[in-house]
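Novice: Attaching a single structure in structure tokens format; questions to follow.
The values are calculated or read from the model by the stated rules, or taken from the named source; none is laboratory data. In this text, all values refer to a predicted model and were calculated from it rather than measured experimentally. We work out accessible area using only protein heavy atoms, side chains counted, and drop any ligands, DNA or RNA first. Shrake-Rupley method; radii C 1.70, N 1.55, O 1.52, S 1.80 Å.
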Amino acid sequence: MERVGPGQAVSLLGEFVGQVSTFMAPGLCKEELRALHLERFNNLCALARVVPAHLLHISLTGTFWQEIERAL
């Protein structure tokens, strides 16, 4: 398990949110789309400031649950 800072957390979360929200903005004009992206970015920044973020590296032989317990 690897702790990541707020900047990297925002970057990773932004990528994930972009993937799942691809179809949420059809028909929006350019200004509405820009406002949507700005609001999403601001929300991700607020989240990253208060919630610790980690990357979990897993493998078939890893100790997944022990790493989770250690981090908590």
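Novice: In whole Hz and in residue order, list the ³J(HN,Hα) couplings for region 54-69 that follow from phi through the Karplus curve 6.51 cos²θ - 1.76 cosθ + 1.60, θ = phi - 60°; x for Gly and Pro.
Specialist: Once θ is set to phi - 60°, the couplings for region 54-69 become 9, 9, 9, 9, 10, 8, 5, 10, x, 10, 3, 5, 5, 5, 4, 4 Hz.
Novice: I need the Kirkwood Rh of region 1-68: take the reciprocal of the average 1/r across all distinct C-alpha pairs and report it in angstrom.
Specialist: So the Kirkwood estimate lands at 13.9 Å.
Novice: Name the long-range amide H neighbours of His54: under 5 Å, sequence gap of 5 or more, or other chain; modelled H, no Pro or chain starts.
Specialist: Val4
Novice: Right, something else. Considering only protein heavy atoms, what per residue accessible area in square angstrom results for the chain with a 1.4 angstrom probe?
Specialist: Solvent-accessible surface per residue comes out at 84 Å².
Novice: For the chain, what % of the accessible area comes from carbon and sulfur atoms, probe 1.4 Å?
Specialist: Of all accessible area on the chain, carbon and sulfur atoms account for 61 percent.
Novice: If you line up the long axis of helix 30-50 against the longest principal axis of the chain, both from Cα atoms, how many degrees apart are they, to the nearest 10?
Specialist: Helix 30-50 and the main axis of the chain meet at about 30 degrees.
Novice: Still on this structure, please answer the following. Hey, what do the phi angles of region 15-29 turn into as Karplus ³J(HN,Hα) couplings, whole Hz, using 6.51/-1.76/1.60 and θ = phi - 60°, x for Gly and Pro?
Specialist: 5, 5, 5, x, 5, 7, 10, 4, 9, 8, 10, x, x, 6, 6
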